[in-house]
Amino acid sequence: MGLLQNIIFGVITGSYIAIAAIGFTLIYGIVNMINFAYGEYLTLGAFIGFFAATTFPLPLPVAVLVAMAGGGVVSLVLARAFFTPINQTGPVPLLLTSIGLGIALRNAIRLVAGREARYYDTATTTFRFDSIPDLSVGSVDLLGGFFVTSEQLIVVGSAVTVFVAIHGLLTRTDVGIAMRAMGDDESLARVRGIDTQLIRDSVWVLAGILAGLSGVLLAIQTNVNATTGFSQILQILSAAILGGAGSPYGAILGAYLIGIVLALSTAFLPSGMSGLSSAIAFGILILVLLVKPSGIAGTEVREA
Amino acid sequence: MSSDNTTQTSRRAFVTLAGAGGIAGLSGCVGFGGNGDGGDGGSNGGDGTDGETGGNDTPDTITFGQPASLSGQWDFLQPGISQATDAAVNHVNEAGGPLDAELEVARRDTAVDPQEARTVATQLVENDDVAAIIGLFSSEINPLWDFLQDLSTPVVTPWPGSTFLDTRGGDKGTPEDMSDDEWVWRTVVGDTVHTSGSAAFAIEEGLDTLGVINGTTEGERSYVDGFVSAYEANGGSVAERVEVELGASSYQSALSRLFEADFDAFLMSLPQESAITALSDWSDGGYGRQPILSDTLTSQAVIDQVGSDLNGAWGATPGQSGPNYDTFEEIYSEAGDADINAWTPPAWDAVQVTALAIERAGEATPEAIQQNLGPVSSGEGTEVSTFAEGKEALANGEAINYQGAATPVNFTQHGNVFGTVSINTAQDGEFTQTSEVSAADVREFVEEGQY
Amino acid sequence: MSVLDRVPTENGDLALLAGVCCVLIGGLFAVTPLRAQLPSALYVFVEVGILFVIYGLLVLGLDLQYGHTGLVNFGHVAFFAVGAYGTAMLSAQDTFAGIGLGYPWPLALGVGVVAAALVGLGVSATSIRLRGDFLAIVTLAAAEILHSIFVNFEGIFGGNVGILGVPRPIAALVSDADTRLVATLLVIGGITLVALAGITRITSAPYGRVLRAIRADELVTRSVGKSTVTYKTQAFVYGAALAGLAGGLFALYNGAVAPGFFTIQVTVTVWIGMLLGGAANHRAVLAGLAIIMGLRLISRFALDVTPVSSDVFASIRLIVVGLILVAVIRYRPAGIWGDAQELGVDR
C-alpha cells in the first residue's frame, strides 16, 4: 500500500488524538496544569456511552451524546473536588495530584467494572478505491489504491465538526473569548472583569465533553476497559505539547503530526524496529522541545 | 539548616541508644556456624510449624501458595485458574485430603510483576508456610530464577510457556538425588512443543509461506519464535514479520505493511484485546488469506467481535485433550462459570499431582514433594485419573502414574510435559476442534534431553 | 565528656560512620564463618528492607534533583534501569537472551553508574532551561523511550526476558540463606548511609545553598551571577548517578534484570515517599519512603484479616496509594517532616 494509504491511517489516528488533545491543551493553557488523569476521563466517557447504548438500548449516536454530557459532568465534579481547592499552589502540585487521581480512578474503575473488556456493537462498511494509479518513486508508492471504513469516516467527521465548533466557540462566543483572554494573561483578564473561576469551570466541562467523545470513538474502535484511555495519554500529551501548550490549533496540528509519524514509522521502519513507533513519537516531541520549546504554534513558554 | 541543640542531643541520644539496643537484641541471633542459640530467634517466627522441618506428626492443614494475577495485564485469565485450583482443592479434601489433612490455598496478587512476585513468594514460603507454590508466570520465573532456586520450594505452575524453561527445572531424572534438582515444574505444554505441532499442521495444510504479526511481550515473542523455528525446519519460509505495540487504537498501518508481502497464511500472536482490534482492522481492510491464531486467541470473545470473516481461521491449543479432561470438566463446570482457557486444566493438574506427591511421600515438606513429583507422574504404576483414585491406590501399596486433564502429565527430566495439540477452527460462530496433532508426533520435533 | 558527645554529628558524619560500620559488619558476615540467625517469618521484611535501601538511593538522588534544586524528574526509573542494565550486560555470564560480557563486577558497577550519569546528562541537556512541568514531560518521555528500546532490541537487551546470569557477589561468598540476607541488607544499607552522608555534605555546604536558591527563584539566582544551568545540570547528573548506583546494586543482588523491574510504579513510589516525608530533608525522605513501602508490606498481611477477596483488595490498595498522594499534596504539601516555609509551600 502506498504512502497515501498510510497517511490516511495517520489522519485517522490523529483524529482520535486531536479531539482529546484540544481538551487537554485548554486545561493546560487556562487552568495551567498538566492533567495526567485525562486518560481516565476518556475511559469514563467510554463506559458511560457503553452503558447508555446497552442498558436502555439507545441508538449509538444518542449514546455518544450521553457520553459527552457525562464526560463534562464528571470532569467538573472531579475538578471541583480535587483541583480547584489547590489552584494557587502551582503547576507541579497540580500535576502530582492528577497523577494520584489517575491511579485512584483507574483502579476504582477496574474495581467497579471488573476486568472483562466490553465491546460496542457496531457494523462497519468498507469503501475501497482500488483503481488509483501507484505513482512509484523508487520502492515507495506515492498513491495506490486505498480503503476507508465507515467507522473511520465517522471519526474524521467528528473531529472536523469539533474543530469547527471549537473555532466558533473561541472566536464568536463570550465564553470562548474569555477563555482565550485567560489563556493569554490571567491577571489582565481578571482586571477586565472576567470571572476566572467560572471560565475555569467552563474549560473543565468542555475538556470533559471532548474527552467523552474521544473515549467513545476510541472504544468503538478497540474496546471498553479500565485502561482504554490511559493507553493514549502519552500520545495526547505529546500532541498538546508538540503543538504548543495552550493552543487548540497547535494541538490539532500536533495530533495529526503524531498520528502520521506513528503510521509512517510502522510502515517504513526496518522490521525488528517496528515496535518502536511510539518511542519515535516521543523522540520527535523531545526534538521539537529542544529546537522550539514553544511548540509548533509558538505559544509563550513560561520559563522556570 | 539551623538546629536546636537540645533536640539534636536528645535525638542523637535516642538513635544511639536504639541502635545499641537493637544490636544487643540481635546478638542473640549471631553466632559462629551451627544452629546454636538462634533458638529464641526461631521461636518468634515459628508459629506455623505445620509440616515443616522434622514434622513427625501429620499436620492438620497443608497449604499451597498461589501467586496470582489478580490485577495487572493478565488479570482476565485468573478467574479460570482460581476456579480450577479451588475445584481441585475441594475434590482433594472430599477424598480425605493429603495425609488426611485439610488442603488450603493461600492466594496472593503479584500483578505479574517480578518484584511483587519475589515478595509474594517469600511471604508464602516463610510466613504462610506453604508446602508448594502453584503458580508463577514466565515473566516472573525467568528473572527470579536464582531466587527461586534458593527458595528451595517446589513450584508447580500451569502458566509459563517460555523456552527458557525447556531445559531448566524438574529433578533431572534423579528423584533421590536432590543436588541437581531445579525445583520448577510446569503442567502446561511449553511453547516450543505446541508451536511445533501448530507449525507442522500448517505445513501439512500446504501453507508454505508465512507472514507474522506479533506483540512485543515475552509470551507473544516466544510463541512466534517457537513456531517459526519449527516451521522453517520443515521447509516453510517467513515472508514478513511485523512487531507491534499492545493497546494501540488501530493496527491498520502494521497490517498494511504486512500484507504487502506475499504469503499463504499469517500468524497472529497478540493478547486478546489487541488481537480483537487487529483482527477487526484486518476484516475491515478485506485483506483475506488464512489466519493462524496463537492459542490464547481461540476464544469465543474473538469470534464474537470479529465476526464471520474469521471463519476458517484456526489455532492450535494444547491442554484440552488430556486423558482425563472430561472428569475435570465435569467437576469444573459445577464450581462456577469462569471460562476455560488454555491454562485452566493445567492448574487442576498442578494441584492434583502435588497432592499425590504429598500422599506418596508421607510428609508435607517441600523436599519430600520435590522428590515425589517425578515418581507419581510417570513410570509403570497404576494409571489414576484423580487424587481420590491415587490415594486409594497408594494405600494399597501400588505405584501410581497420574494421568491429567491437560496432558498425561508425564514430567520429563526437566519438569515439562508433552500433550496432544488440538487444532480448533472457527466455524459457524464458534471454535470447534477439527483435527489434532498427537503427542507422539509433537515429540518428534523436540530433541531428546532438550525438553 | 560522655561517649555521646564524642560521636560526630555534623554534616552527615554520623551517617558516614554508621554506613562504614554497616558495610564492615556486612563484610564480616560475608567473608568469615560468622553467621546470623533470622526467624523465617522475618524474611519478607528483610527482603523488603533490602529493596528499601536500594530505593533509598533513588529517593536521595531525586531529593537532590527536586527537593534541593526544584527539577521535576518523572523518569527517575530510567536511570535506575540504565545503571542496572549497564552493570548486568557487562558482568553477565551465560545469559539466556541479550548480551553478557562477563567482566568483573566492580568494573561493571562503575560502568553502570557512569552510563546512568551520561544518560542523565543527555536528558537534562534537552530541557534544563524549561519550566518545571515541561521537564517532567521530557523525563517521562525519555523513560518511555528507554523502556521501549530495552523491550524491542531483544538481541541486545534481552527483550522481556532481560539479562540473566548476573553474578551475585554476596551470594557467592555466603551460602547460608539467613546470613546472606542479613549481609546483603547491611552492605547495601551501609552504602545508602554513606550516600546519605555524601548528599548531606554537599547540601549543607554553600553549594547546597545555591541549589536551594535556584529552587526558590531562579531568576534572582541568575541575577547574582550564578550559572544556574551548570548547577541544575550537575544536580541532575548526580541524582542520575545515584540512581545508576542503585540499579547496579540491584542487578548484583538479584542476579538478573528484566523490564518488569523498571516500571513507572518505581517512579511513583519514590515520588510519593519523597513528598510524604518532606522534600529537601534527606532523613525525612527516607522515612517517607519507609512509610510508603511499609504500608504496602503491611497491607499484604492485612489481606488475611480483611473480609474482601484478594482481587478487590489489590485494587483497593492502589486506590489508597493514589489518594495518599492527592491528600499529601492538598493537606500537607511540605510532607510530614518538611519545612513548609523552606519549601515555599506555606499559604
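Which whole-number value in Å³ per residue fits the convex hull of the alpha carbons of the range B:296-363? Could you put the intermediate results ahead of the total?
Numbers: hull volume 7.6 nm³, N = 68.
Per-residue hull volume (Cα only) is 112 Å³.
Determine the percent antiparallel among the DSSP beta bridges restricted to chain B, to the nearest 5.
Rounded to the nearest five, the antiparallel share is 25 percent.
By average Cβ neighbour count within 10 Å, what is the ranking of A:188-194, B:259-265, B:386-392 from highest down?
Answer by packing, highest mean first, reads B:386-392, B:259-265, A:188-194.
Any idea what angle helix B:78-94 forms with the longest principal axis of chain B, computed on alpha-carbon atoms, 0 to 90 degrees, nearest 10?
60 degrees
Helix B:344-361 versus the longest principal axis of chain B: what is the Cα-based angle in degrees, 0 to 90, to the nearest 10?
Roughly 40 degrees between the two axes.
Partner chain Cβ atoms within 10 Å, averaged over the residues of B:281-290 - can you pull that number for me?
3
In terms of the Cα gyration tensor, with a ≥ b ≥ c the square roots of its eigenvalues, is the range C:101-170 rounded because a/c is under 1.5, prolate because a/b exceeds b/c, or oblate?
oblate
With a cut-off of 8 Å between alpha carbons and a minimum separation of six or more residues, what is the relative contact order of chain B in percent?
Once divided by the residue count of chain B, the mean separation gives 17 percent.
Have a look at A:Ala108, A:Ala240, A:Ala178 and tell me which one the Gaussian network model of chain A (Cα, springs below 10 Å) gives the largest fluctuation.
Result: A:Ala108 has the largest fluctuation of those listed.
For B:76-85, what's the mean count of beta carbons from other chains sitting within 10 Å of each residue's beta carbon?
The shielding value for this peptide is 2.
For the range B:263-324 and the range B:357-426, write down the distance between their C-alpha centroids in whole Å.
Each part's Cα centre sits 33 Å from the other's.
Any chance you could get the radius of gyration and Dmax over the Cα atoms of the range C:208-329, in Å?
That works out to 18.8, 62 Å for Rg and Dmax.
Using alpha carbons only, how many angstrom separate the centre of the range C:134-193 from the centre of the range A:18-66?
39 Å
Among B:Gln305, B:Ala388, B:Gly215, pick out the residue whose Cα is farthest towards the positive end of the charge dipole of chain B, where Lys and Arg carry +1 and Asp and Glu carry -1 on C-beta, about the Cα centre.
So the residue furthest toward the plus end is B:Gly215.
With N residues in the range A:245-297, what two-decimal value do you get for its Cα radius of gyration over 2.2 N^0.38 Å?
1.22
Order C:143-153, C:61-71 from most to least packed using the mean count of other Cβ atoms within 10 Å.
In decreasing order of mean packing, C:143-153, C:61-71 become C:61-71, C:143-153.
Rounded to the nearest 0.05, what FRET efficiency do A:Ser294 and B:Asp304 have when you use their Cβ-Cβ distance and R0 = 41 Å?
Once rounded, the FRET efficiency stands at 0.25.
In the range C:224-287, if every C-alpha pair distance is counted and binned at 5 Å from zero, what percent goes to each bin?
4, 14, 14, 22, 21, 14, 7, 3, 1, 1
Return the lysines within reach of A:Lys292: Cα separation strictly under 23 angstrom, same-chain partners fewer than 8 residues apart disregarded; answer none if there are no such residues.
Hits, sequence-local ones excluded: C:Lys232.
For chain A, report the convex hull volume of the alpha-carbon atoms normalised per residue, in Å³, without decimals.
Expressed per residue, the convex hull around the Cα atoms of chain A is 148 Å³.
Peptide A:280-289: average number of partner chain Cβ atoms within 10 Å per residue?
4
Modelled label-to-label distance, A:Asp130 and C:Ala177, 7 Å Cα→beta-carbon offset: nm?
6.6 nm
Taking only Cα atoms, what is the 0 to 90° angle, nearest 10, from helix A:248-268's long axis to the longest principal axis of chain A?
30 degrees
Across 10 Å bins from 0, what is the distribution of all Cα-Cα pair distances for the range B:189-340, in whole percents?
Taking all Cα pairs of the range B:189-340, the binned fractions are 11, 40, 34, 12, 3 percent.
When you have a sec, figure out the Kirkwood radius of chain B from all distinct Cα pair distances and drop it here in Å to one decimal?
About 23.6 Å for chain B.
Quick test of the membrane-span-like rule: which DSSP H helices of chain C reach at least 18 Å along their long axis (C-alpha atoms) with mean Kyte hydropathy at least -1.0?
C:13-31, C:43-62, C:76-91, C:105-127, C:132-152, C:177-204, C:228-254, C:264-277, C:282-302, C:310-331
Order these peptides, C:236-249, C:26-39, by their mean beta-carbon neighbour count within 10 angstrom, highest first.
Numbers: C:236-249: 28.9, C:26-39: 18.2.
Ranked by mean Cβ neighbours within 10 Å, highest first: C:236-249, C:26-39.
How large is the helix-only mean residue ellipticity at 222 nm for chain B, computed as the sum of -39500 (n - 2.57) over DSSP H runs with n ≥ 4, divided by its residue count, in deg cm²/dmol to the nearest 500?
Helix contribution divided over all residues of chain B: -12000 deg cm²/dmol.
If you put +1 on each Lys and Arg Cβ and -1 on each Asp and Glu Cβ, how big is the dipole of the protein assembly as shown around its Cα centre, in Debye rounded to 20?
6680 debye
Would you please give the FRET efficiency between B:Asn90 and A:Ala165, computed as 1/(1 + (r/R0)^6) with r the Cβ-Cβ distance and R0 = 60 Å, to the nearest 0.05?
Computed FRET efficiency for B:Asn90 and A:Ala165 comes out at 0.50.
Hey, what did the range C:265-340 get for relative contact order, percent, Cα under 8 Å, at least 6 apart?
That works out to 42 percent.
Relative contact order, percent, of chain C when contacts are C-alpha pairs under 8 Å separated by at least 6 residues?
Values: 604 pairs, mean separation 101.5, N = 347.
Answer for chain C is 29 percent.
Quote the convex hull volume per residue of chain C, based on C-alpha atoms, as a whole number of Å³.
165 Å³
Compute the FRET efficiency between B:Glu398 and B:Asp100 as 1/(1 + (r/R0)^6), taking r as their Cβ-Cβ distance and R0 = 22 Å, and round to the nearest 0.05.
0.75
State the antiparallel share, in %, of DSSP beta bridges confined to the protein assembly as shown, rounding to the nearest 5.
Around 40 percent antiparallel, to the nearest 5.
Once you treat every alpha carbon in the protein assembly as shown as an equal point and sum by Debye, what is log10 I(q)/I(0) at q = 0.05 Å⁻¹?
Relative scattering, expressed as log10 I(q)/I(0), comes to -0.33.
Any chance you could check the Cα centroid distance between the range C:46-68 and the range B:116-131 for me, in angstrom?
Measuring centre to centre over Cα atoms gives 25 Å.
If you take the Cα atoms of the range C:65-142, find Rg, then find the Kirkwood Rh from the mean of 1/r over all pairs, what is Rg/Rh?
Taking Rg over the Kirkwood Rh, I get 1.10.
Which distance in nm do the two modelled labels at A:Thr173 and B:Asp177 give, with both placed 7 Å along the Cα-to-Cβ direction?
Roughly 8.1 nm, to one decimal.
Only the coordinates and a few stated rules stand behind these numbers; no lab work does. Model, not experiment: these values are computed from the prediction. Methodologically, a virtual Cβ is constructed for each residue, glycine included, from the backbone with ideal geometry; neighbour enumeration extends over all protein chains shown.
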